[in-house]
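Where a number appears in this text, it was derived from the coordinates with a stated rule and is not lab data. Just so you know, these numbers come straight off a predicted model, no measurement behind them. All Cβ positions, even for glycine, are placed from backbone atoms using ideal geometry, and neighbour counts span all protein chains on display.
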C-alpha cells in the first residue's frame, strides 16, 4: 500500500510541477534587445524543484511535459518547435550539473545551492551558446531566410551569452529562494 501511495504522490507532484512550469512559460519577456527573440521565463524553477525532489529523470520529464503542453496550446509550427527544443535543451543543461553537485557533495544547503546553481548557469551558458551558434541560429536563418544585422560571432558574444548568464542567475536565485522557503516541507515530502 505504501508503495502505491508513494507512486501516486510522485506522479501527482510531477504533474503539478509540469503544470506550473507550463503556465510560467507564458510569462516571458525579452531582456537583451540584440536578441529580442530570446525571452526570459521562469519555467525552469519547477523543473529544478522536481529534479531536486525526485532526481534528474523526473526533472527531464517535467521539462518534456511543459514543452509538450506548450506546443499543444501554441501549435507545432517550425518556429515553435525550434523554440521548444531550445527550451528543453536549456532545462537539461541546468538539471544535470545542479543534480551532480546537489547529490554528490556533503556541503551545507546554502553552499550546495550556490555552487550547484552557479555551475548549472555556467554549463547552460556554454552549452546553449554553442548550440545557438552551430544549430539554432543557422536553422532559423535557413528556414526563414533570416539575415541578422550583426555577424553571428558578435551576436553570440553580446546577445546569446549574456542572455543565458542572466537567465541562469535569475532562475538560480528564484529556485534558491523557493527551496530555502519550502525546505522543511520538501524534506517531509521526500521521506
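Numerical summary
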item	result
Where labels lie 7 Å past Cα in the beta-carbon direction, separation of residue 7 and residue 36 in nm	5.1
Cα-based helix-to-principal-axis angle, 78-104 vs the chain, degrees rounded to 10	40
Directionally averaged shadow of segment 43-131, computed from the convex hull of its alpha-carbon atoms, nm²	5.6
Burial ordering of 44, 153, fewest other beta-carbon atoms within 10 Å first	153, 44
C-alpha center-to-center spacing [segment 65-107, segment 161-178] in angstrom	14
Principal-axis tilt of helix 2-24 within the chain, Cα atoms, nearest 10 degrees	30
Two-site label geometry, residue 27 and residue 85: point separation in nm, points 7 Å out along Cα→Cβ	3.0
Per residue convex hull volume, Cα atoms of segment 141-180, in Å³	79
Dimensionless Rg ratio for segment 2-189, taking C-alpha atoms and the 2.2 N^0.38 Å reference	1.06
FRET efficiency, residue 68 to residue 104 (Cβ-Cβ, R0 41 Å, nearest 0.05)	0.85
Average projected area [Cα convex hull, segment 13-75], square nanometres	4.3
Helix-only mean residue ellipticity at 222 nm for the chain, each DSSP H run of n ≥ 4 adding -39500 (n - 2.57), per residue, nearest 500	-25500 deg cm²/dmol
Nearest-0.05 FRET efficiency for residue 115 and residue 157, computed from C-beta distance (R0 25 Å)	0.45
